[in-house]
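Below: the structure, in structure tokens.
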Amino acid sequence: MTDALTSLLRDALNDPATGWSLGAFGAIAEFIRSPDEPAVLRGDGPDLEVRTARGGLRVRPGPAIRPVPYRTRDGGLAVALCLPRHAGSMTQRRVVTELGPDREAIAGADRGALLFDLGLGLFQTDVCVRSADSATIARLRAVVGTELLAPGNPLPPDLPALSPERVFVGPFGRIEVSQPIPPPDGRSPEGPHTHVLPKLLAHGRTHAATVPIPDGWVPSLYLSPPAASRAAWERLGR
């Protein structure tokens, strides 16, 4: 299946009509690009990558990945890319943690910026932020070792103004978001963006109950495939 999956993923990556998301119930990063938006694509190695000025996506196809196609509420097709639960976990850090330079950044220019895990404790996703700005780094270092969502933590109200890049990392992929974080009363921008919703995170779910993930499997990356390949995705998921 790996060759067929890789081929479909490469086609989806090359098609700007494809939408992507990575995360868990209550914390999700979305990657979307416009048809005329300049993008750097790489698909000749083990990783499939695309990077724009607003964000980026990396996915590494592997034999353990199981595609699970399903219909959304509006009747469209979505695909959850899943791993067996024993293979689908990440670090599950529960406090803000400085990780050092982001050597795995999609763009080489970002690999010297510092990465901080926000410590949300998600099973299959490390939710991180990245910055090369000294003032932002100082604010992040001031809360290292604390629980981000604990009452009184001073960082969450400041995050829209700081707007570090968000980096959501899963077992076989990552999404990076470079656009600003909207204020609490604002709207998410068009294109790549993130959502972190504490009330939903409190449920501790890996995915929404409406997504039909088979028992023993965990979703990491989702995509809405281009129309031309939807039948192929449904066949692959059988």
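Every number here is computed from the coordinates shown, using simple stated rules; none is lab data. Everything numeric in this text was worked out from a predicted model, so none of it was measured. Here the Cβ positions follow ideal geometry from the backbone for every residue, glycine too, while neighbour counts run over all protein chains shown.
Just a few scattered comments:
- Computed helical MRE - 222 nm, the chain, DSSP H runs ≥ 4 contributing -39500 (n - 2.57), nearest 500: -4500 deg cm²/dmol
- For the chain: relative contact order, % (alpha-carbon pairs under 8 angstrom, 6 or more apart): 29
- Simple Cβ-charge dipole of the range 130-177, Lys/Arg +1 and Asp/Glu -1, about Cα centre, in debye nearest 20: 80
- Here the relative contact order of the range 127-210, from alpha carbon pairs under 8 Å that lie six or more residues apart, stands at 24 percent.
- Evaluated with a Cβ-only charge set (Lys, Arg +1; Asp, Glu -1), the range 172-232 carries a dipole of roughly 80 debye about its Cα centre, given to the nearest 20.
- Close amide-amide hydrogen proximity is noted between Cys128 and Leu118, Val167, Phe168, Val169, each under 5 Å apart and 5 or more residues distant or on a separate chain (H modeled in the peptide plane; Pro and chain starts excluded).
- Net charge over other residues, Cβ less than 14 angstrom from the Cβ of Ala135 (K, R count +1; D, E count -1): 0
- Each peptide in 9-15, 67-73 receives the mean, over its residues, of other Cβ atoms within 10 Å, and ordering these scores from highest gives 9-15, 67-73.
- Dipole of the chain, positive end: most advanced residue of Pro189, Gly108, His86 [Cβ charges, Cα centre]: His86
- Taken about its Cα centre, the chain carries a charge dipole of about 540 debye when Lys and Arg each add +1 at the Cβ and Asp and Glu each add -1 at the Cβ.
- Ordering 32-44, 216-228, 130-142 by mean Cβ neighbour count within 10 Å, with the highest value first, yields 216-228, 130-142, 32-44.
- Rounded to 10°, Cα long-axis angle of helix 2-14 versus longest principal axis of the chain: 60
- 14 Å beta-carbon shell around Ala53, net charge (K/R +1, D/E -1): -3
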